[in-house]
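Engineer: Take a look at the following structure, please.
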Amino acid sequence: MLQRFLDPKILASISGLDLVAKTVVDGFVAGLHRSPDFGFSQEFAEYRAYTPGDDLRHVDWNVFARTERCYLKRYRGETNTQLTLMLDASASMGYTSHGITKLDYARFLAASLCHLAGQQRDAAGLIVFDDEIRQYVRPSTRQGQLSRLLHAINEAEARARTDFAKPFLHFQQFLRRRGIVGVISDLFERPETVIKTVEPLRFRGNELILFHVLDPEEISPRLGEPAILVDMETGRRLEVSPEYARTEYKRRIEDHLRELRERALAAGVDYFLLPTDRPLDAALREYLTIRQGRM
């Protein structure tokens, strides 16, 4: 029953990113069943059953609401994890074939990751970029941080062209401690350029995740007749036939995705392809599964 609320089209009808984030994360946590250990913090130890005399401040009331059982979170000291999200708001992110743009999906994902980080007591920050830095929220755990992040995410608008070099240079200038960097983008750039641009962050001890957001029609276009495609960032036009979409384009996009994945793997970077018709809880669960398998 909950799954229908996690469909991106349904999420788009929810008023407020805070409610969207809570809906996605609650659905994600509900799907974990007996494995409630999730999130970014490497300091989280385990859950254990409540016993009389335990401090009620450590009870996970979300788990209690779902299971009617009392569990406490146990930590190995304070978390030292810092999450910084880099959200691509270039013009190409405004594309959609089914009612939800890539930027909307990216907003939902970013908001959910920030909400999840907050639940784990991790510092979260944000950079919104296209060919300029549009928003920068410094990572923090202070009160009101989630509201600041959600406001910046909500203000992101699809415009201009993508410039990967500028936001990453900006990020490196302000980086004061190691952490996790999540890039949310359609990655319309040569795979070699993408990895070459982001790879220096790995040299500084950061974990790097590429969330590759694409519309289903960009992955597997369905053309019934010739069409003119317009580049949303450059305005260039290209006449495309159904035969081209089935053969040459299909080969090129598959090569692009394979090269991105292989270059990311070789550079020690996590890579996730996220079609915009995929439920967000499934995306979070895939991230968790691969991350846990690596740790």
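The values are calculated or read from the model by the stated rules, or taken from the named source; none is laboratory data. Keep in mind that this is a model prediction, so the values were computed, not measured. Note that each Cβ is placed from the backbone with ideal geometry, even for glycine, and that neighbours are counted across all protein chains shown.
Engineer: Among the candidates Ser97, Ser112, Ser90, single out the residue that is farther than 22 Å from Ile14 by Cα and either in the same structural domain as Gly182 (by TED's automatic domain parsing) or over 18 Å from the mean Cα position of the chain (by Cα) (or both).
Structural biologist: Values: Ser97 fails: farther than 22 Å from Ile14 by Cα; Ser112 fails: farther than 22 Å from Ile14 by Cα.
The match here is Ser90.
Listed here are the residues, each with its yes/no results for (1) hydroxyl-bearing (Ser, Thr, Tyr); (2) in a loop (DSSP other than H, G, I, E, B); (3) free of Cβ contacts under 8 Å to residues at least 12 places away in the same chain; (4) in contact with a helix residue (DSSP H, G or I) (Cβ under 6 Å, 6 or more places away or on another chain).
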site: Gly99; (1), (2), (3), (4): no, yes, no, yes
site: Ser112; (1), (2), (3), (4): yes, no, no, yes
site: Ala117; (1), (2), (3), (4): no, no, no, no
site: Leu126; (1), (2), (3), (4): no, no, no, yes
site: Pro139; (1), (2), (3), (4): no, no, no, no
site: Asn154; (1), (2), (3), (4): no, no, no, yes
site: Arg159; (1), (2), (3), (4): no, yes, no, yes
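Engineer: Being surrounded by fewer than 19 Cβ atoms within 10 Å (Cβ to Cβ) and either of a type in the set (Asp, Glu) or at pLDDT 75 or above (or both) is the filter here, so list the residues in region 68-94 that pass it.
Structural biologist: Correct list: Glu68, Arg69, Cys70, Glu78, Gly94.
Engineer: May I ask you to list the residues in region 101-156 that are among the aliphatic types (A, V, I, L, M) and out of contact with any Leu (no Cβ under 8 Å at 6 or more places or on another chain)?
Structural biologist: Scanning region 101-156 gives Leu103, Ile133, Leu146.
Engineer: Out of everything in region 243-295 that is farther than 15 Å from Ile219 by Cβ, among the basic types (Lys, Arg) and surrounded by 15 or more Cβ atoms within 10 Å (Cβ to Cβ), what residue ends up being modelled with the highest pLDDT?
Structural biologist: So the residue we want is Arg263.
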